[in-house]
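Chemist: Here it is: the structure, laid out below.
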Amino acid sequence: MTIAAQHVRAALNHLRTVHHAWRPILKSVGPFTMRLERQPVWWLTHHLHCRSFWDFAQFRIDRERPTVSMDGHPSGSSDPNWGDEQRGFWAELQDAEMQGRLKLAVPISSDELAETRDKLTEILARYRSTIFDRFQFYGWGGLDSWPASDPQLMEVVASSFAFAAPHVATNALTATVATWSPYRSIAAWYLERWAERRRFGIAE
């Protein structure tokens, strides 16, 4: 399942309009290729302790290696490489879903979304996890979810849009990110892919 093409087109047009720096970023990264996660419990557990988009990037790089097949990982089983805390989190989510207290499929109504958001953020807080903003995008396709707790992403924003260091220009950075609404999730996805291309020397 993917985000509707018309939403992606609207997002790209919006970003090109709000700041000229977006044009080379979008051109460098190319087509939007993100697909919604089909195994939300497994995704949440596997990324439970990710703090920055570099953590997510490493998981994705590992996932793309021929010797690792995470796409085919059985949705009903845990990963043997998980620690005790991840296994406890996995069991808690599985139990909540089985008892109908938590529905992690794409919400079909605003009321269902609000109820699920409250329950999931409560559980994640107990495990000191900051991945909820990204899950709203990767799990539910939320178009305007910005991972504000990721300082590395803000550093990318600062360097890409000619600001001073993030701790010096916090207000300006926040104001700039606000102009990308209502497509901040797609903006984050493109910035992360662009930063990865620069770090790993991927050809334009």
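Chemist: Quick one: count up the residues across segment 126-147 that are closer than 27 Å to Ala175 by Cα and free of Cβ contacts under 8 Å to residues at least 24 places away in the same chain.
Modeler: Final tally of qualifying residues: 2.
Chemist: To continue, here is another question. Could you tell me whether any residue of segment 17-24 is under 18 Å from Leu104 (Cβ atoms), touching a residue at least 40 places away in the same chain (Cβ under 8 Å) and surrounded by 13 or more Cβ atoms within 10 Å (Cβ to Cβ)?
Modeler: If we filter segment 17-24 for residues that are under 18 Å from Leu104 (Cβ atoms), which is where we start, we get none.
Looking for residues that are under 18 Å from Leu104 (Cβ atoms), touching a residue at least 40 places away in the same chain (Cβ under 8 Å) and surrounded by 13 or more Cβ atoms within 10 Å (Cβ to Cβ), one finds none in segment 17-24, hence no.
Chemist: Which residues, counting only those in segment 124-175, are closer than 21 Å to His19 by Cα, modelled with pLDDT of 90 or more and aromatic (Phe, Trp, Tyr)?
Modeler: Passing the criteria: only Trp146.
Chemist: Tally the residues that are assigned to a loop (DSSP other than H, G, I, E, B) and surrounded by 16 or more Cβ atoms within 10 Å (Cβ to Cβ), restricting the search to segment 107-126.
Modeler: 1
Chemist: Tally the residues that are exposed (fewer than 13 other Cβ atoms within 10 Å of the Cβ), modelled with pLDDT under 90 and in a helix (DSSP H, G or I), restricting the search to segment 61-103.
Modeler: Total satisfying the criteria: 3.
Chemist: Going by what's in this entry, would Ile186 be described as more than 16 Å from Trp22 (Cα to Cα) and either at pLDDT 95 or above or surrounded by 14 or more Cβ atoms within 10 Å (Cβ to Cβ) (or both)?
Modeler: Here the answer is no, as Ile186 does not meet what is asked.
The values are calculated or read from the model by the stated rules, or taken from the named source; none is laboratory data. For clarity, every value in this text was computed on a predicted model and none was experimentally measured. Note: ideal-geometry Cβ built from the backbone for every residue, glycine included; neighbour counts use all protein chains shown.
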